[in-house]
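What follows is one structure encoded as structure tokens, with my remarks underneath.
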Amino acid sequence: MRLMRFAWRNLTQRKVRTGLTVLSIAVAVAVLFTLLSFNKGYSRALNAQLQQMGVHAMVLPIGCPYEAASLLMKGGKIESHLPESTAAEVASMDGVQIAAPAFMSAITRPDEGRADVYFGIDERTYDLKNWWKILKVRKDPRELQNDWEKLAADPANLMSRDEFIQAMKDPDSVILGFDASLIELSSVGDEIYIPEVDRVLKVAGILAPTGQQDDGFFFVPLGTAQAMFKQPGEITTVQIRFADPAKAGEITEELEKLPGAEVVAMGELLGTMQNLLGSARTLILSIVLVVIAISALGVLNTVLMSVFERTREIGVMRATGAQRGDIFQLVWLETLLMVGIGGAVGLALAAAGARAIEGVIKGAMSRMDMLAGVKGSVIAFEPRTFVLCVLFILVVGVVAGIYPALKASRARPIEALRAD
């Protein structure tokens, strides 16, 4: 305990230098912790996103299939199209349980900083996404934020399959994603005017929050979407569920024979997204390693400078009976204290600023087209991550403290006392 107090006193005598070194360690630890947490959280969120789509494969127009699949997942405008008859061909294949055609396009509103994504569907989408809960009761959207769970728990408040089919037969109906209802501030029964296409749509239902890209879409009958964007008889995708996912390879081979179409299996898309993540993670990890190296050198420099400045003090300690081991322990303890404080501050910063850090990461990844509509948190806090960061702190402290501690312990008392 006495040695600990002595080490603490030495560190606090040089507040600016010690503070800057602690700050560098804190930043390195915070970045490392965030990177490890993001790696785990993003992979988990992406996998959940693909699984919750309820789609085993998508048939898309010839072009860049992964770009088109990404647009379909997060919303956007796809320039190429397929004939609507493609859906019937897909549905007739053995092993295909559901083949749901869809037409997606967007109306951009730069003055409002948004793009409204319209998704044309039919009753097959209801079967494909059988976890959907569509509220048919009228409720102020701002109040719905707090009451939707209670409302969705009562089947009487939810749209049945027959009611959904009826809504899809009405060319002027629209089902709003939960986020879209908040943007429009519209509820069931309200009318929405779309000036870009001079059309009025009536809200038939509001999709309860899914935590996925569906929350931001405007779902309209397939024919309505085709008419709005002047693409009669055209679709942008056929979303497919297999009767037996184990036979995905065989069915995909048959799907690839469709003229003018390409097939993307969700498993392949997941692999592609994860490969992209791996490339970005390698770059970020390289930056982190540089930060770690700079932090370790900073610690080494701080402790070494402290040893040089205290040469006479160390000489007095040696002359009055302090052993080499005592000097080594003191200097090494100072190093570990400094690194430990920096690590604790870094972990606290990473935990407290997780949402802000996540926002920055999401923004960067979105610009690289790598979030693919993933919603919710993409940072996973796990005990293993904390352990890895603590090990990193210890390694930096141990490595950076060895040389200064050895140099201090080897100082000869007479030479040290003669030093200026």
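Here are the numbers for the structure shown:
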| read-out | value |
| --- | --- |
| Given charges at Cβ of Lys, Arg, Asp, Glu: region 63-259 dipole, positive-most of L82, A115, A208 | A208 |
| Electrostatic dipole magnitude of region 63-259 [Cβ: Lys, Arg +1; Asp, Glu -1; Cα centre; debye, to 20] | 260 |
| Euclidean distance of C-alpha centroids, region 131-201 and region 240-259, integer Å | 34 |
| Burial ranking of peptide ranges 251-260, 123-132 (average Cβ count within 10 Å, highest at the top) | 123-132, 251-260 |
| Residue exposure sequence - K133, K247 - by fewest surrounding Cβ within 10 Å | K247, K133 |
| For region 63-259, share of DSSP beta bridges that run antiparallel, in % to the nearest 5 | 75 |
| Relative contact order (%) - criterion: Cα under 8 Å, at least six apart; region: region 63-259 | 30 |
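Throughout, read-outs are computed from the coordinates displayed, never taken from laboratory work. Just so you know, these numbers come straight off a predicted model, no measurement behind them. Note: ideal-geometry Cβ built from the backbone for every residue, glycine included; neighbour counts use all protein chains shown.
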